[in-house]
Amino acid sequence: LNLGKRWFIFDHTMLYKTISYGIVTALQQSTVQIGKLGIQMIVNTMGVSTTAAFNAVNRTDDFAIVPEQNIAHAMTAVMAQNKGAKEEQRVRVAFRVGNRIELIYGIIVGLLFFFLANLIMGLFTNDLKVIKLGEVYLHCIAFMYILPAITNAIQGYFRGIGDLKITFFSSLINMTGRVISAMIFVFTLRLGMIGIPLSYLVGWICMLAFEVPFLIHMLKKTLA
């Protein structure tokens, strides 16, 4: 078929929405990376062995948390499609099922990292001091992987319904709480390596304290 210029359809509103979503997402990822840089700077003051151990456990964190993020991305796609189709009930079901998957995964990976901490650290180094410091970190944070599972599920929900402001500010609050508490735990309380996972706990709690009221409000709104 010879459609000529009729094939070219330019929607200004869609362009604006795409750019606005892209900017907010970019800002959110920037805050996360800046926060990680702040934590790395704090860790670097604790010596070579601690820095080496932290770099190793960072890789284990990726193995734990990246799948949680990808589960949330899948939730976002399903919920966004059903939101567009005005199927609010399906949005709620997708969130509920996705949240259960996140929780189950968080519990499983936490148990694995707790009981296999020594073996995991041995994959990255033979230095006994570094391995010991890594074990301290993993034994502490293993009980916390359920929290990023929940926060990722909630972020997947807000992305799915198109409210990226909540995801941006929650990430900003998370990283701010994380860096400030890490400074207190390391420089004031002198907790050493264990202060880092504890700072993550503070960040995730602050994030949930911000997100959960908005989540409850939105879920109640969809029932109205």
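The values are calculated or read from the model by the stated rules, or taken from the named source; none is laboratory data. Since the model is a prediction, treat every value here as computed from it, not as a measurement. Ideal geometry is used to build each Cβ from the backbone, glycine not excepted, and the neighbour counts take in all protein chains shown. The area values use the complete protein model at the heavy-atom level, side chains included, leaving out ligands, DNA and RNA. Shrake-Rupley method; radii C 1.70, N 1.55, O 1.52, S 1.80 Å.
Numbers at a glance
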read-out: Residue list for segment 155-204, restricted to those being open to solvent by 50 Å² or more (accessible area, probe 1.4 Å) and not in a helix (DSSP H, G or I); value: Leu189, Arg190, Leu191
read-out: Positions within segment 34-54 being touching a residue at least 40 places away in the same chain (Cβ under 8 Å) and of a type in the set (S, T, N, Q), in sequence order; value: Thr45, Ser49, Thr50
read-out: Total residues in segment 205-215, condition out of contact with any Gly (no Cβ under 8 Å at 6 or more places or on another chain) and open to solvent by 80 Å² or more (accessible area, probe 1.4 Å); value: 1
read-out: Candidate set: segment 3-14, residues that are outside any helix (DSSP H, G or I) and open to solvent by less than 90 Å² (accessible area, probe 1.4 Å); chosen: the one modelled with the lowest pLDDT; value: Leu3
read-out: Residue in segment 72-90 that is of a type outside the set (Gly, Ala, Ser) and more than 19 Å from Leu219 (Cβ to Cβ) present; value: yes
read-out: Phe113 being over 26 Å from Gly195 (Cα atoms) and crowded, with 18+ Cβ neighbours inside 10 Å; value: no
read-out: Flag for Ile154 being modelled with pLDDT of 95 or more and farther than 20 Å from Lys36 by Cβ; value: yes
read-out: Ile101 being aliphatic (A, V, I, L, M), open to solvent by 50 Å² or more (accessible area, probe 1.4 Å) and closer than 21 Å to Leu164 by Cα; value: no
read-out: Number of positions in segment 15-48 that are crowded, with 16+ Cβ neighbours inside 10 Å and either of a type in the set (Ser, Thr, Tyr) or not in a helix (DSSP H, G or I) (or both); value: 2
read-out: Identity of the residue in segment 132-146, open to solvent by 20 Å² or more (accessible area, probe 1.4 Å) and part of a helix (DSSP H, G or I), that ends up nearest to Ile65 (Cα to Cα); value: Ile146
read-out: Residue check for Ile108: over 23 Å from Arg92 (Cα atoms), free of Cβ contacts under 8 Å to residues at least 60 places away in the same chain, within 18 Å of the chain's Cα centre (by Cα) and assigned to a helix (DSSP H, G or I); value: yes
read-out: In segment 118-130, the residues that are surrounded by fewer than 21 Cβ atoms within 10 Å (Cβ to Cβ) and in contact (Cβ under 8 Å) with a residue 24 or more places away in the chain; value: Ile120, Phe124, Thr125, Asp127, Lys129
